[in-house]
Amino acid sequence: MPRTSQPASRGRLGRREFLQGAAAAAFSFNLLPATARGANSRVQVACIGVTGKGHTDTLATAAAGGVIVALCDVANPRGTNLARKKKKEKSGDTILDQFPAARFFTDYREMIASMPGIDAVTVSTPDHHHFHASMLAMRRGKHVYCQKPIAHSVWEARRLTEAAAQYKVQTQMGNQAHAGEPIRRAVELLRAGILGRVTEVHAWTNRPVWPQGMTEWPKPEPVPNGLDWEQWIGPAPFRPYSPEITPFKWRGWWDFGAGALGDMGCHIMDMPYWALGLTAPDSVEAVHEGGTSIAAPVWSTVTYRFPSSVLGGPVRFVWYDGVTPKEGVYRNPPPAELWKADFPTADHCFRRFDLLLVGEKGRMFFGRSRQDWIFKPEGLAANFTLPPKTVPRVAGSGESAEGALDKGGGPYSEWIEAIRTGVPALSNFAQSGPFSETVLLGNVAIRAGKKITWDSKALVAKNAPEVAPLIRRAYRKGWELE
């Protein structure tokens with residue numbers, strides 16, 4: 001029978017478990033202490049979350065030169081069938097077969113505590129574990145590659161940014177296209193003034209492609225064999241297992257995910273946020289359909305107001321999710337006057353691009369995985385003197401970082417190289433931390449139901465003190481971090 005009430009938490013890693021794990025580590029795998037290795041040696045990596053996106057992150061990190069010495073997942077790859085995408089490689093049927101020398105864990109707290117010799121971790125878990133896994137690793141001096149957004153709450157993103165600086169570790173957020181040629185070239189063009197001062201940005205996505213707008217929790221079902229459900233829940237409030245939560249549908253539940261905005265905002269909003277040198281907005285407001293106290297909305301429009309940019313003046317930044325065809329018409333698209341005259345159909349705009357920037361000199365339609373962007377008026381780019389390439393490029397990124405992931409190019413090689421040389425990757429937490437704060441603040445506005453006036457320094461909604469629990473979430477007993 002499924003559990004329908006909260007069980008006793010396994011709590012913090014106790015002394016007995018720590019000593020047992022440490023003893024097992026000594027007999028099963030010999031790790032050279034990180035301090036004993038030179039800067040040019042290979043980097044020993046432990047991967048947290050190794051199915052789904054974590055499968056790609058693990059293989060690409062290895063291809064980039066990382067030595068995979070530990071794997072951690074709440075679902076044993078050989079004992080469950082929970083992975084959304086089953087990937088098979090020539091040398092084995094599961095990720096465990098790919099790295100037979102690596103130790104396997106279901107609890108990353110045990111792994112981090114019992115394997116002091118690892119250099120770095122990748123974090124490819126659901127959003128509600130990002131903070132704990134990354135913070136525990138950094139406190140032990142481990143470098144971190146964390147999937148986007150780097151945290152589940154605004155407060156957590158701020159703390160991770162501070163911790164990365166405090167512990168002097170090399171970090172990278174998994175918004176892969178940040179390492180690619182399209183975004184880096186667009187940053188150079190915009191900063192060189194191809195649009196002049198940018199006053200508006202419009203960003204859109206077809207997400208969610210999973211259920212959102214739920215009004216009640218699903219009926220409990222038996223926990224599958226091989227799944228450590230207690231560990232999957234982790235710091236979140238306990239909920240009984242259901243396939244309507246995991247492996248794929250967790251993003252739509254506020255306890256575990258950050259909705260469509262959290263999933264795609266860190267990808268799509270990245271280029272203009274970086275190019276315009278944006279920091280924190282002074283206000284955020286949202287309209288949506290179907291958002292509830294437990295689930296993200298079916299669609300939403302979130303409007304950020306930034307007081308200034310590196311090009312001067314304020315910027316209005318609007319996010320649209322749920323931009324999908326419905327009965328032949330796109331729902332929740334940007335206003336027609338911004339794009340309709342430039343494309344024969346809505347498909348030509350919304351399937352090809354995901355950003356529109358409006359500047360004093362004209363407009364730019366941008367897609368992060370391509371370089372055939374459209375500038376209006378048409379002569380704008382032709383009459384512009386192209387600037388030199390001043391933003392560092394990543395080996396193996398090519399046209400798009402996403403095209404080189406399985407080969408270890410793009411963000412993975414950039415992160416491994418940062419560990420070896422001490423030169424930070426460009427989506428390190430000093431950049432991606434404040435960016436994640438901004439993205440996640442949009443969800444605070446969605447859930448607040450009113451415009452938020454934001455004090456970034458204090459992490460306070462000045463006009464809405466009642467949203468404080470949304471800015472800093474509480475943790476389940478046994479998962480508190482000092």
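Only residues that are over 23 Å from Pro314 (Cβ atoms) and part of a strand (DSSP E or B) were counted in segment 170-200, giving 3. Residues that are assigned to a helix (DSSP H, G or I) and not small (Gly, Ala, Ser) are absent from segment 145-153 altogether. For segment 297-307, the set of residues classified as touching a strand residue (DSSP E or B) at 6+ places or on another chain (Cβ under 8 Å) and part of a loop (DSSP other than H, G, I, E, B) consists of Pro297, Val298, listed by residue number.
Look through segment 227-255, keep the residues that are among the hydroxyl-bearing types (Ser, Thr, Tyr) and touching a helix residue (DSSP H, G or I) at 6+ places or on another chain (Cβ under 7 Å), and return whichever of them is farthest from Gly433 (Cα to Cα). Outline the logic, then answer.
Within segment 227-255, the subset among the hydroxyl-bearing types (Ser, Thr, Tyr) is 241-242, 246.
Filter once more, keeping what is touching a helix residue (DSSP H, G or I) at 6+ places or on another chain (Cβ under 7 Å): 241, 246.
On the way: Tyr241: 31, Thr246: 26 Å.
It comes out as Tyr241.
Restricted to segment 294-343, and to residues there that are among the charged types (D, E, K, R) and surrounded by fewer than 20 Cβ atoms within 10 Å (Cβ to Cβ), the residue that is farthest from Arg363 (Cα to Cα) is Glu327.
Comparison of Gly259, Gly252, Gly265 shows that the only residue that is on the phi > 0 side of the Ramachandran plot and surrounded by 17 or more Cβ atoms within 10 Å (Cβ to Cβ) is Gly259. Within segment 148-206, being within 19 Å of Val423 (Cβ to Cβ) and among the aromatic types (Phe, Trp, Tyr) holds for one residue alone: Tyr167.
Yes/no matrix, rows are residues, columns are (1) crowded, with 19+ Cβ neighbours inside 10 Å; (2) within 30 Å of Glu417 (Cα to Cα):
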{"position": "Leu356", "(1), (2)": "yes, no"}
{"position": "Lys361", "(1), (2)": "no, no"}
{"position": "Phe375", "(1), (2)": "yes, no"}
{"position": "Pro388", "(1), (2)": "no, yes"}
{"position": "Ala395", "(1), (2)": "no, yes"}
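Inspection of segment 157-169 finds a residue satisfying the criterion of being in the same structural domain as Gln44 (by TED's automatic domain parsing), surrounded by 23 or more Cβ atoms within 10 Å (Cβ to Cβ) and part of a loop (DSSP other than H, G, I, E, B).
Here's the yes/no breakdown for (1) in contact with a strand residue (DSSP E or B) (Cβ under 6 Å, 6 or more places away or on another chain); (2) over 30 Å from Met269 (Cβ atoms):
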| site | (1), (2) |
| --- | --- |
| Arg207 | yes, no |
| Met214 | yes, no |
| Trp217 | no, yes |
| Pro220 | no, yes |
| Pro224 | no, yes |
| Glu230 | no, yes |
| Ile233 | no, no |
| Ala236 | no, no |
| Ser242 | no, yes |
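Among (1) over 30 Å from Asn383 (Cβ atoms); (2) touching an Asp or Glu at 6+ places or on another chain (Cβ under 6 Å); (3) surrounded by fewer than 17 Cβ atoms within 10 Å (Cβ to Cβ), which single condition is Gly196 missing? Single failed check for Gly196: (1).
For segment 363-373, the tally of residues that are of a type in the set (D, E, K, R), surrounded by 20 or more Cβ atoms within 10 Å (Cβ to Cβ) and out of contact with any Pro (no Cβ under 8 Å at 6 or more places or on another chain) stands at 1.
Candidates in segment 281-293 are the residues that are at negative phi and assigned to a loop (DSSP other than H, G, I, E, B); of these, the one that is surrounded by the fewest Cβ atoms within 10 Å (Cβ to Cβ) is Ser293.
Of the residues contained in segment 234-243, none is found to be in the same structural domain as Ile446 (by TED's automatic domain parsing) and not in a loop (DSSP other than H, G, I, E, B).
Matching residues to (1) surrounded by 13 or more Cβ atoms within 10 Å (Cβ to Cβ); (2) assigned by TED's automatic domain parsing to the domain that holds Met269; (3) out of contact with any Gly (no Cβ under 9 Å at 6 or more places or on another chain):
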position	(1), (2), (3)
Phe429	yes, yes, yes
Pro434	yes, yes, yes
Thr438	yes, yes, no
Leu441	yes, yes, yes
Gly449	yes, yes, no
Ile452	yes, yes, yes
Ala461	yes, yes, yes
Glu480	no, no, yes
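Once segment 428-482 is narrowed to residues that are hydroxyl-bearing (Ser, Thr, Tyr) and assigned to a loop (DSSP other than H, G, I, E, B), the residue that is nearest to Gln176 (Cα to Cα) is Ser456.
Here's the yes/no breakdown for (1) in a loop (DSSP other than H, G, I, E, B); (2) in the same structural domain as Ala461 (by TED's automatic domain parsing); (3) in contact with a helix residue (DSSP H, G or I) (Cβ under 8 Å, 6 or more places away or on another chain); (4) polar (S, T, N, Q):
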residue: Asn225; (1), (2), (3), (4): yes, yes, no, yes
residue: Gly257; (1), (2), (3), (4): yes, yes, yes, no
residue: Met264; (1), (2), (3), (4): no, yes, no, no
residue: Thr279; (1), (2), (3), (4): yes, yes, yes, yes
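The values are calculated or read from the model by the stated rules, or taken from the named source; none is laboratory data. Computed from a prediction, not measured in an experiment: that's the story for all the values here. Don't worry about glycine lacking a Cβ; one is built from the backbone with ideal geometry, like all the others, and counts go over all protein chains shown.
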